[in-house]
1. How large is the accessible surface per residue of the chain, computed with a 1.4 Å probe and reported in Å² as a whole number?
2. At most 16 other Cβ atoms within 10 Å plus a DSSP loop assignment makes a site exposed; report the longest stretch of the chain without any exposed trypsin sites (Lys or Arg not before Pro).
3. Calculate one ³J(HN,Hα) per residue across the stretch 80-95 by plugging θ = phi - 60° into the Karplus curve 6.51 cos²θ - 1.76 cosθ + 1.60, and present them in order as whole Hz with x for glycine and proline.
4. Give the long-range amide H neighbours of Asp15: residues separated by 5 or more places, or on another chain, with amide H under 5 Å away, using H modelled in the peptide plane at 1.01 Å from N.
5. Provide the per-residue ³J(HN,Hα) series for the stretch 99-112, in order, calculated from phi with Karplus coefficients 6.51, -1.76, 1.60 and θ = phi - 60°, each as a whole number of Hz, with x at glycine and proline positions.
6. Could you compute the FRET efficiency for Arg100 and Leu58, with r as their C-beta to C-beta distance and R0 at 25 Å, rounded to 0.05?
7. Normalised by the residues of the stretch 1-61, what does the relative contact order come to in percent, with Cα pairs under 8 Å and at least six apart?
8. Once you place label points 7 Å from the Cα toward the Cβ at Gln81 and Lys42, how far apart are they in nm?
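The values are calculated or read from the model by the stated rules, or taken from the named source; none is laboratory data. Computed from a predicted structure; not experimentally measured. As a convention, Cβ positions derive from the backbone with ideal geometry for all residues, glycine included, and neighbour counts pool all protein chains shown. Protein only, heavy atoms only, side chains kept; ligands, DNA and RNA dropped before computing areas. Shrake-Rupley method; radii C 1.70, N 1.55, O 1.52, S 1.80 Å.
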Amino acid sequence: VQLQASGGGLVQAGDSLRLSCAASGRTLSGYLMGWFRQAPGKEREFVAAIGRRGGQTLYADSVKGRFTISRDYARNTMYVQMNELVPEDTAVYYCAVSFRSTAVMDGLSYDIWGQGTQVTVSS
């Protein structure tokens, strides 16, 4: 299984971006998937996760109300729509899949990671 994250870029505060995470090699509709981010000099942090069929979602408090996670089962792709971006959202964003669906907000629960896509928000 491989995950390919894309959609990052340089935007201004208040703008929007949509990140994509395309999976190949295996259908991931039956597994938990999530987005994490890591800013320079900081630890990786949980952003959002979406469950198996049915699409239960969970968000970090810092993005709740601004970010929306979704998945397209036909395309085997996960997305995160990021609105009202602020400079504090600047980070490399990673997508990941968990085959265990435990400790949703813990990166150690995820088994396969994408390569990351840079999001930079200027003030």
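1. Here the per-residue accessible area is 51 Å².
2. Answer from the scan: 1-25.
3. Along the stretch 80-95, the couplings run 9, 8, 10, 10, 6, 5, 10, x, 5, 7, 4, 4, 8, 9, 10, 9 Hz.
4. Here Leu85 satisfy the definition.
5. 8, 10, 6, 10, 6, 3, 8, 9, x, 5, 7, 9, 9, 10
6. Computed FRET efficiency for Arg100 and Leu58: 0.95.
7. With pairs under 8 Å counted, the relative contact order is 24 percent.
8. So the two model labels end up 2.4 nm from each other.
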